[in-house]
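Some notes on the structure that comes next.
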Amino acid sequence: LTISKYEVGEGEDKITYYAADLYVSNVQYLQTAFAEGKYGKNIRAYPDEISEENQALFAISGDFYGNSTRGVVIRNGILYRQNVNDADICVLYLDGTMETYSPEEFDGDVVIARGAWQAWTFGPQLLEGTGSVLDSFLTTPYLNKENPRCAIGYVEPGHYMLVTVDGRQEGYSRGVTITELAQLMADLGCKTAYNLDGGNSACMYYNGSYVNQSSGDE
């Protein structure tokens, strides 16, 4: 694991982000955790609490599964829900590969049979699977505005890029659009990448302390 800080631009156009270049010998070391250790709706906990309860060396924020009763939820190989909504889905498989799907492309039975280890519902998907930025994204103009962001990227089996972009802090970091985030992930060498929950929720935690500077209460 190597965490790097990047600063681009200056003044009101400055962007600050953190990229964790992660290699794992077994994808089962890349785990997910629920707030308070429970699957359910509107359960809240701070990322540092969740990390410490699960003895995580490193952690980033995830999706917002608990805000709804819809969406695909697979956590550490366990299927909790496959009620597809209108958002893209990201699946990490036991063989270390990671793929993203539109709601129309997703087939829960197929991904489970393939050995889905994690599945997140937030999005949108950012890259087309070969490292090229998608021509369009499954999002709204409002959500594509500059914001703090969190993303997971796939380079090859066992090699991932986990990124947090700070935002809403003039002179430190303005945040990025979805289009800018996609290009950032491509520049980091990712073939596939997926936008996770951003805004105040976007955070990176390592070895007992926060890495990034959240714009609010994470």
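The values are calculated or read from the model by the stated rules, or taken from the named source; none is laboratory data. Nothing here was measured: the structure is a model prediction, and the numbers come from that model. In this analysis, Cβ positions are derived from the backbone assuming ideal geometry, glycine residues included, and neighbour counts consider all displayed protein chains. We work out accessible area using only protein heavy atoms, side chains counted, and drop any ligands, DNA or RNA first. Shrake-Rupley method; radii C 1.70, N 1.55, O 1.52, S 1.80 Å.
Tell me, rounded to the nearest percent, the portion of alpha carbon pairs in the range 103-218 spaced more than 23 Å apart.
Details: 2114 of 6670 pairs.
For the range 103-218, the fraction of Cα-Cα distances above 23 Å is 32 percent.
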For the chain: relative contact order, % (alpha-carbon pairs under 8 angstrom, 6 or more apart):
25 percent
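Carbon and sulfur together cover what percent of the accessible area of the chain at a 1.4 Å probe radius?
Working: 4730 of 10600 Å².
Answer for the chain: carbon and sulfur cover 45 percent of the accessible area.
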What aspartates and glutamates could a cross-link reach from residue 41, if we take a straight Cα to Cα line under 15 Å and drop same-chain neighbours fewer than 8 places away?
63
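Using the heavy atoms of the protein chains and a 1.4 angstrom probe, tell me the accessible area per residue for the chain in square angstrom.
Numbers: 10600 Å² over 218 residues.
Here the per-residue accessible area is 49 Å².
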In terms of Cα to Cα distance under 17 Å, which lysines are near enough to residue 5, apart from those fewer than 8 places away along the same chain?
14
Check the straight Cα-Cα distances from residue 145 and name the aspartates and glutamates below 13 Å, setting aside those fewer than 8 residues away within the same chain.
180
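Between residue 109 and residue 7, what is the FRET efficiency for a Förster distance of 35 Å, r being their Cβ-Cβ separation, to the nearest 0.05?
Details: r = 45 Å, r/R0 = 1.29.
Calculated transfer efficiency: 0.20.
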Can you work out the Karplus-derived ³J(HN,Hα) for every residue in the range 200-216? Use 6.51 cos²θ - 1.76 cosθ + 1.60 with θ = phi - 60°, whole Hz, and x for glycine or proline.
4, 6, 5, 8, 10, 10, 9, 6, x, 8, 6, 8, 8, 10, 5, 7, x
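What's the extension gain from residue 156 to residue 36 if we count 0.36 nm per residue and subtract their Cα-Cα distance? Present the calculation step by step, with values, prior to reporting the outcome.
Numbers: separation 120, 0.36 × 120 = 43.20 nm, distance 3.21 nm.
40.0 nm is the gain from fully extending residue 156 to residue 36.
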Could you give me the ³J(HN,Hα) list for the range 28-34, computed from phi with Karplus coefficients 6.51, -1.76, 1.60 and θ = phi - 60°, whole Hz, x at Gly and Pro?
5, 6, 8, 10, 10, 9, 8
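Going by average Cβ neighbours within 10 Å, how do the peptides 90-96, 192-198, 43-49 rank, with the highest at the top? Show your work: numbers first, answer last.
Numbers: 90-96: 19.6, 192-198: 24.7, 43-49: 14.0.
With the highest mean Cβ count within 10 Å placed first, the list reads 192-198, 90-96, 43-49.
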For peptides 31-39, 66-74, sequence by mean Cβ density within 10 Å, most packed first:
66-74, 31-39
Using +1 at the Cβ of each Lys and Arg and -1 at the Cβ of each Asp and Glu in the chain, identify which of 32, 62, 142 lies farthest towards the dipole's positive end.
32
Would you please report the Å³ per residue occupied by the convex hull of the alpha carbon atoms in the range 1-118?
148 Å³
Once phi for every residue in the range 43-48 is put through the Karplus expression 6.51 cos²θ - 1.76 cosθ + 1.60 (θ = phi - 60°), the whole-Hz ³J(HN,Hα) values, with Gly and Pro written as x, are 9, 10, 7, 6, x, 5
Between residue 140 and residue 187, what FRET efficiency follows from the Cβ-Cβ distance if R0 is 41 Å, with the result rounded to 0.05?
0.95
In debye, nearest 20: dipole of the chain around its Cα centre with unit charges on the Cβ of K, R (+) and D, E (-)?
440 debye
If R0 is 25 Å, what FRET efficiency do you get for residue 43 and residue 83 from their C-beta distance, rounded to 0.05?
0.85
With +1 at each Lys and Arg Cβ and -1 at each Asp and Glu Cβ, the charge dipole magnitude of the range 115-218 around its Cα centre, to the nearest 20 debye, comes out at 40 debye
Spin-label model distance (nm) - residue 213 vs residue 57, 7 Å beyond Cα toward Cβ
2.8 nm
Three principal axis lengths of the chain [C-alpha, angstrom, descending]:
49, 40, 34
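Near residue 136, within a Cβ-to-Cβ distance under 13 Å, what is the net charge of the other residues, with Lys and Arg +1 and Asp and Glu -1?
On the way: positive: none; negative: 88, 128, 135.
My count for the surroundings of residue 136 gives -3.
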